[in-house]
Amino acid sequence: MSQRTERRGIHVDQSELLCKKGCGYYGNAAWQGLCSKCWREEYQRARQKQIQEDWALAEKLQREEEVAYASSQGPQSQSQSQSQSQPQPLAQSTPPHGHASLAPFSKFEEKKTNEKMRKVTTVKKFFSPSTRMAPKKESQEGKTPSPSISRQTSMETDRVSKDFLEFLKNLQRPGREIHKQCRAFIESMANKKDLGADELSECVQDFYQNLSDRLMSHFKGSSESVERVMDQVEKYIMTRLYKSVFCPETTDDEKKDLATQHRIRALHWVTIEMLCVSMDEEIPEVSDNVVKAITDVIEMDSKRVPRDKLACITQCSKHIFTAIKITKNEPASADDFLPALIYIVLKANPPRLQSNIQYITRFCNPSRLMTGEDGYYFTNLCCAVAFIEKLDGQSLNLSTEEFERYMSGQASPRRPTDDGSWPLEVDGSASSSTTTAAVNPVLAQLHHNLELLSSLNIRQDRLAEAAQGLQAELASWEEGVQREVQDILERYPLEIRPPPESAIDTENAESDRLPPPLTPQVFAG
Amino acid sequence: MAAGGSRSFSFKVVLLGEGCVGKTSLVLRYCENKFNDKHITTLQASFLTKKLNITGKRVNLAIWDTAGQERFHALGPIYYRDSNGAVLVYDVTDEDSFLKVKNWVKELRKMLGNDICLCIVGNKIDLDKDRHVAVDEAERYAESVGARHYHTSAKLNKGIEELFLDLCKRMMETAQADERLKGGGAGQSVASRRGVQIVDDEPQAAAAGGCCSSG
């Protein structure tokens, strides 16, 4: 018997196998030493706690929003906004908020005693509180399973809606109306998730149109105020709908994104000269602006509101204009701008470019897109993308064979420089000596820098020499001065004559004028 | 983008033409009144706006410059989509540039029909001694395609103001005729998703000529 256990090489004490909770069942390492039942309880508890926190947070924000709204609109409007959310089936059982946050927890405590019931109620709990407390969020972010992600996004949406309410406060009555409409619209959009992207776009555009028509009549045709409100409405709505309408699964946006990305990557060899871009990147200010432009166009993907995305494109364009202006010293025309933008897009390879363009086209306020300055830059970006997709040898002034060779990676074009010693593998042809005059831009830059460094070195040497010369000169000057001083000293030696003695006893010229000294007289006595 | 309300209009005008015919100089002269000036303050000359007041109506003009190089020709439709007017510029000393204009006209008429107001502009008349495009030929051509012809010089500031003013007036007429057509068409046919535009009655709208009856 004991032999057999040895052969197996396993000897575990019974107690180690048992559930750590001491319930008498066997435990499992995968469940941290607990039996299935105890593990489930533990897990549920932790899970519940996490969910509680999320709910509490969500509710806090929700309440803040409502309070902010109520304070702006007075008590009667709050009841309105609530009654307005009533018709939505999910929102029907809204209890007082303080209750809602406690309810699931107390229920949980109860259920712990009854194992069979628990399963059912947990499932229920997963649905009921979230629908009860945040119907809006549920509708908007129903697809996101992770609480931490939804929390993060809900933080942003809540910030945006807070701003929105702030903004509407200034409008008083119409503000209430706008808020009501926007919320109703977002809720209605939640039921249309299955629609295609074009239908969704249609819905949003219809909403913009209706709202702006109404605003137009309210503001008596002041298009500036209407535009201001519409900007805010767009921001509010699109922040909330972003998740469900950006690059939706019903479209092939994602496929196009990938295709464009591959295409741009395959065109990595295109140089600034081939595109005839009038930007001289060797001027530091210009390359600075090029980098900024690239950053801006990449940043577009991180924005949620179509208008913010447009702003990124505009910013990018402004940097390009600055770069061209520095290079050419005159305002950039479209002839300069478009090639430069193409170059920037090629260099940046912005993420999800097609999705972003589609998103802006579908959900941006149309008045902005069609005539405004932002619209112009956006159109140019569309042109740049279209050009990149269709690009062939002819459009780069290359022969078809050359283009093919570069595309397949067999060869790569080099920038011609006078001292370029970079060997180029041109199919082993003998004419390499002529083609070696071309060097990859990076290498050219490297060469350039090296040259600069060596010239700097030479100049430094020269400086050192000059400094030594100066030192020698100084030393010799010092010596000269010393010598001169010595000479002068020798020539005019300093004789220190003893000063005339002025003792009374000495004989001097005037002494004879003195009366003779008195001689003592002897008085004979 | 058609005009906004009845009080103000906003128009998109697209600038087409081969490179080097002076599109940029033309528009810079119009919007900044400068020519080859070192003191030009604007950063760019590809998108410029101008506010006008024509017979008491505010007009916002957005002028879109386009890249004139041959390799960007195919991108034209992206630029001129939704534009109200097109200014087609050629260089009077360069016959090729005039042929390009003819190509543009054909394309624009095919894609946009008669909704777009066309202006054919012979620029650089200060170089008249080197002229290679005959005046009457150009004018005859313009008339045959329903466009107006202008002669300009950005250098001498000749004819530019007139060109844009005339273009604006024509675009206003087109827009007003369009609105009346929509208003008269009982709404349903034009109830596109952009909604029905409510237009105030314009007493002087009759100037555009009897297209009302077609509704």
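Taking the criterion of being part of a strand (DSSP E or B) and either without any contact (Cβ under 8 Å) to a residue 40 or more places away in the chain or of a type in the set (D, E, K, R) (or both), would at least one residue in the range B:21-35 satisfy it? Looking for residues that are part of a strand (DSSP E or B) and either without any contact (Cβ under 8 Å) to a residue 40 or more places away in the chain or of a type in the set (D, E, K, R) (or both), one finds none in the range B:21-35, hence no.
Could you go through the range A:368-375 and let me know if any residue there is crowded, with 20+ Cβ neighbours inside 10 Å and of a type in the set (Lys, Arg). Yes; the residues of the range A:368-375 include at least one that is crowded, with 20+ Cβ neighbours inside 10 Å and of a type in the set (Lys, Arg).
Of the residues making up the range A:359-380, just one is in contact (Cβ under 8 Å) with a residue 12 or more places away in the chain, within 14 Å of residue B:81 (Cβ to Cβ) and aromatic (Phe, Trp, Tyr), namely A:378. For residue A:276, are the conditions met, namely being closer than 30 Å to residue A:442 by Cα and more than 27 Å from the chain's Cα centre (by Cα)? Yes.
Could we say that residue A:233 is over 25 Å from residue A:302 (Cβ atoms), assigned to a helix (DSSP H, G or I) and touching a helix residue (DSSP H, G or I) at 6+ places or on another chain (Cβ under 8 Å) here? So residue A:233 fails the test. Taking only pairs six or more apart or across chains, which ones have beta-carbon atoms under 7 Å, a first residue in the range A:188-215 that is aliphatic (A, V, I, L, M), and a second residue that is open to solvent by 80 Å² or more (accessible area, probe 1.4 Å) and not in a helix (DSSP H, G or I)? As it stands, the answer is A:197/A:250, since those pairs meet every condition given.
The residue pairs whose first member lies in the range A:381-400 and is touching a residue at least 12 places away in the same chain (Cβ under 8 Å), whose second member is part of a helix (DSSP H, G or I), and whose beta carbons are closer than 6 Å, counting only pairs six or more residues apart or on different chains, are A:381/A:313; A:382/B:78; A:383/B:75; A:383/B:78; A:384/A:341; A:384/A:342; A:384/A:345; A:387/A:342. Picking from residues in the range A:208-230 that are open to solvent by less than 20 Å² (accessible area, probe 1.4 Å) and over 24 Å from residue B:57 (Cβ atoms), the one that is farthest from the other protein chains (Cβ to nearest Cβ) is A:229.
Taking the range A:310-333 as the range and being within 22 Å of the chain's Cα centre (by Cα), within 11 Å of another protein chain (Cβ to nearest Cβ) and of a type outside the set (A, V, I, L, M, F, W, C) as the test, the residues that pass are A:314, A:317, A:318, A:319, A:322. Restricting A:455, A:476, A:412 to those that are part of a loop (DSSP other than H, G, I, E, B) and either modelled with pLDDT of 60 or more or surrounded by 10 or more Cβ atoms within 10 Å (Cβ to Cβ) (or both) reduces the list to A:412.
Kindly indicate whether any position in the range A:312-321 is farther than 22 Å from residue A:391 by Cα and touching a strand residue (DSSP E or B) at 6+ places or on another chain (Cβ under 9 Å). Scanning the range A:312-321 turns up at least one residue that is farther than 22 Å from residue A:391 by Cα and touching a strand residue (DSSP E or B) at 6+ places or on another chain (Cβ under 9 Å). Just the residues that are touching a residue at least 40 places away in the same chain (Cβ under 8 Å) and part of a helix (DSSP H, G or I), please, taken from the range A:260-280. Residues satisfying the conditions are A:260, A:261, A:263, A:264, A:265, A:266.
Per the listing A:190, A:184, the residue uniquely away from chain B (no Cβ under 12 Å), over 20 Å from residue A:365 (Cα atoms) and either at pLDDT 80 or above or touching a Lys or Arg at 6+ places or on another chain (Cβ under 6 Å) (or both) is A:190. The range B:50-153 holds strands (runs of 3 or more DSSP E) entirely within its bounds, and those carrying 3 or more residues that are at pLDDT 90 or above, under 25 Å from residue B:29 (Cβ atoms) and in contact with a Phe, Trp or Tyr (Cβ under 9 Å, 6 or more places away or on another chain) map to B:57-65, B:85-91, B:117-123. Scanning the range A:334-367 for residues that are facing another protein chain (nearest Cβ under 10 Å) and either in contact with an Asp or Glu (Cβ under 6 Å, 6 or more places away or on another chain) or among the aromatic types (Phe, Trp, Tyr) (or both) turns up A:334, A:337.
Every test in (1) under 15 Å from residue A:358 (Cβ atoms); (2) in a helix (DSSP H, G or I); (3) open to solvent by less than 20 Å² (accessible area, probe 1.4 Å); (4) modelled with pLDDT under 85 is passed by residue A:248 save one, and that test is (2). Among the residues of the range B:21-57, those identified as out of contact with any helix residue (DSSP H, G or I) (no Cβ under 9 Å at 6 or more places or on another chain), open to solvent by 40 Å² or more (accessible area, probe 1.4 Å) and either more than 10 Å from chain A (Cβ to nearest Cβ) or among the acidic types (Asp, Glu) (or both) are B:32, B:33, B:39, B:51, B:53, B:56.
Considering the range A:268-288, the residues that are touching a Lys or Arg at 6+ places or on another chain (Cβ under 9 Å) and among the polar types (S, T, N, Q) include one that is farthest from residue A:412 (Cα to Cα), namely A:278. On the basis of being surrounded by 16 or more Cβ atoms within 10 Å (Cβ to Cβ), out of contact with any strand residue (DSSP E or B) (no Cβ under 6 Å at 6 or more places or on another chain) and of a type outside the set (Gly, Ala, Ser), does residue B:160 make the cut? In short, yes.
The values are calculated or read from the model by the stated rules, or taken from the named source; none is laboratory data. What you are looking at is a predicted structure, and each value in this text was computed from that prediction instead of being measured. FYI the Cβ positions are ideal-geometry reconstructions off the backbone, even for glycines, and counts take in every protein chain you see. For the accessible areas, the whole protein counts, side chains as well, though only heavy atoms, and no ligand, DNA or RNA atoms are used. Shrake-Rupley method; radii C 1.70, N 1.55, O 1.52, S 1.80 Å.
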